[in-house]
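What follows is a single structure, written as structure tokens, with notes after it.
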Amino acid sequence: MKVITLKQPWATLIAEGYKKYEFRSWDTNYRSEILIHAGKGVDKAYLKKYEHLNLTYPTARIVAKVSIVDTIKLNQTTNDQINKENELIYGNYKREGYAWKIDNVVKINSNKEIKGKLSIWNIQENEF
């Protein structure tokens, strides 16, 4: 199965259904299920921003299975549209690159520690 590693809090925000887009500098033609892996990296400034959501932020774990349903080239218009969808999550940023549209979120509570990798990588179902 395909996997992508994200820092926290972004991985948990996807797993909990708050974040519907993952932002990348690169596009992908992949349109199917993918696992969200919470890496060991934590963006502590953003943890504070979302502390009122009372979420837990596991690291080195698979936290969700989602579907990538589209990618959107970011420009002024698309940034504004995404930011307006959920200002709490997306802020008022001017991102470059691509927004990967995520849907069909299924949260996974895995206790198995897994080392992350760059880009999209593969894992066998019995490994998580």
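Worth a mention:
- Computed from Cα atoms, the angle from the helix 76-85 axis to the main principal axis of the chain rounds to 60 degrees.
- Karplus-derived 3J(HN,Hα) values for the stretch 111-128, using 6.51 cos²θ - 1.76 cosθ + 1.60 with θ = phi - 60°, are 9, 7, 6, 9, 7, x, 9, 7, 6, 8, 10, 10, 8, 7, 4, 6, 8, 9 Hz; glycine and proline are entered as x.
- Å² per residue, accessible surface of the chain at 1.4 Å: 57
- When +1 charges are put on Lys and Arg Cβ atoms and -1 charges on Asp and Glu Cβ atoms, the dipole computed for the stretch 2-108 relative to its Cα centre reaches about 280 debye.
- Over the chain: helical MRE at 222 nm, DSSP H runs n ≥ 4 each giving -39500 (n - 2.57), nearest 500: -5000 deg cm²/dmol
- The stretch 30-98: GluC sites (Glu not before Pro) falling in loop per DSSP and having at most 11 other Cβ within 10 Å: Glu96
- Under the simplified labelling scheme, the Lys112-Gln76 pair shows an inter-label distance of 4.9 nm, with each label point 7 Å from Cα along Cα→Cβ.
- Cα centroids of the stretch 20-55 and the stretch 57-128: 5 Å apart.
- Along the chain, longest interval not containing exposed trypsin sites (Lys or Arg not before Pro), exposed being DSSP loop plus at most 15 other Cβ atoms within 10 Å: 32-93
- Sequence-separation-based contact order of the chain, relative, with Cα cut under 8 Å and 6+ spacing, percent: 37
- HN-Hα J in Hz across the stretch 51-64 - Karplus 6.51, -1.76, 1.60, θ = phi - 60°, x for Gly and Pro: 4, 5, 7, 6, 9, 9, 10, x, 10, 6, 9, 7, 10, 6
- Translational diffusion of the chain, µm² s⁻¹ [Kirkwood Rh, Cα pairs; Stokes-Einstein; 37 °C; 0.692 mPa s]: 221
- Per-residue ³J(HN,Hα) for the stretch 13-28, Karplus 6.51 cos²θ - 1.76 cosθ + 1.60, θ = phi - 60°, Hz, x for Gly and Pro: 4, 5, 4, 8, x, 7, 9, 9, 9, 10, 9, 9, 7, 10, 8, 9
- Estimated at 0.36 nm per residue, the fully extended path between Gln124 and Glu33 surpasses their Cα-Cα distance by 31.4 nm.
The values are calculated or read from the model by the stated rules, or taken from the named source; none is laboratory data. A quick note: this is a predicted structure, and the numbers were derived from the prediction, not measured. Glycine gets a Cβ as well: all are built from the backbone with ideal geometry, and neighbour counts include every protein chain shown. The protein model used for the area step is the full one, side chains on, heavy atoms only, and it has no ligands, DNA or RNA in it. Shrake-Rupley method; radii C 1.70, N 1.55, O 1.52, S 1.80 Å.
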